Amino acid sequence: MEMVSESPEATWSVGEFVGKRLKGGMVLCLTGDLGAGKTLFTKGVAAGLGVKEDVTSPSFTLMNLYDGRLPVAHFDLYRLDDEGDLDEIGFYEYADEPVGVAIIEWADKFPEALPPHHLSVVLSPGKNLEERRLAFTARGDGYEGILAALEESFAQA
Ligand SMILES: Nc1ncnc2c1ncn2[C@@H]1O[C@H](COP(=O)(O)OP(=O)(O)O)[C@@H](O)[C@H]1O
Ligand SMILES: [Mg+2]
């Protein structure tokens, strides 16, 4: 499922839409260059999950935890050089746990490490500075409902 976001606010809103529909155990894998909007999208997702705290980029901490309607683990793998260090930052613990939600920025860095069931979101540049293309793909099971809802609310001609 693909869509165009015309503004930062629109990207945030799509994130919120997804966040409202996430269930325990779900994983979002975000891919896109620096400035693509991964963190902004994550802020929307967190809001949709009822997180009240300010969500900031875990570029240096690599992982932040938030409490919403579900626990949220937000990863940023940009500065992680060694796949072997994923264990240390709690990646497998949170990406494979059935209660909370995991959101992973730079998910494409270690594709082998990703859980088999996840929703992939690829953010790429649009036709101008305020535009982004968002491409959603379900990997494994469980994300058909969210994709259908996105299709119904955001599909563009
Ligand atoms: N349509 C859009 N969607 C998302 N971000 C946008 C958009 N248009 C402009 N921007 C800007 O791009 C930047 C995205 O930053 P950020 O979310 O931190 O990116 P990333 O986490 O992918 O590095 C923000 O400054 C935001 O205001
Ligand atoms: Mg970021």
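The values are calculated or read from the model by the stated rules, or taken from the named source; none is laboratory data. Note that the coordinates shown come from a computational prediction; the quantities given were computed from them, not determined experimentally. Note: ideal-geometry Cβ built from the backbone for every residue, glycine included; neighbour counts use all protein chains shown. Areas reflect the complete protein model, heavy atoms only, side chains present, ligands, DNA and RNA absent. Shrake-Rupley method; radii C 1.70, N 1.55, O 1.52, S 1.80 Å.
Couplings for region 73-85, taken from phi via the Karplus curve 6.51 cos²θ - 1.76 cosθ + 1.60 with θ = phi - 60°, read 10, 10, 9, 9, 8, 3, 8, 8, 8, 10, 4, x, 7 Hz in order; Gly and Pro are left as x.
In the chain, excluding the sites themselves, the longest stretch lacking any of the GluC sites (Glu not before Pro) that are in a DSSP loop with at most 16 other Cβ atoms within 10 Å is 7-52. DSSP finds beta bridges in region 63-154, and of those with both partners inside it, around 70 percent are antiparallel.
Of all beta bridges that DSSP places with both ends in the chain, some 55 percent have antiparallel geometry.
Scaled to the globular estimate 2.2 N^0.38 Å, the Cα spread of the chain, given as radius of gyration, is 0.95.
Once the 1.4 Å probe is applied to the protein heavy atoms, region 3-157 comes out at 49 Å² accessible per residue.
The chymotrypsin sites (Phe, Trp or Tyr not before Pro) of region 50-157 that meet both conditions, a loop assignment by DSSP and at most 14 other Cβ atoms within 10 Å of the site Cβ, are F60.
Pairs exceeding a 24 Å alpha-carbon distance, out of K43/K109; K38/K127; K20/K127: K20/K127. In a DSSP loop and with at most 11 other Cβ atoms within 10 Å, the trypsin sites (Lys or Arg not before Pro) in region 93-152 are K127. Distance between the pseudo-spin-label points of T56 and A138 (7 Å out from Cα toward the beta carbon): 3.7 nm. Computed over protein heavy atoms with a 1.4 Å probe, the carbon and sulfur contribution to the accessible area of the chain reaches 52%.
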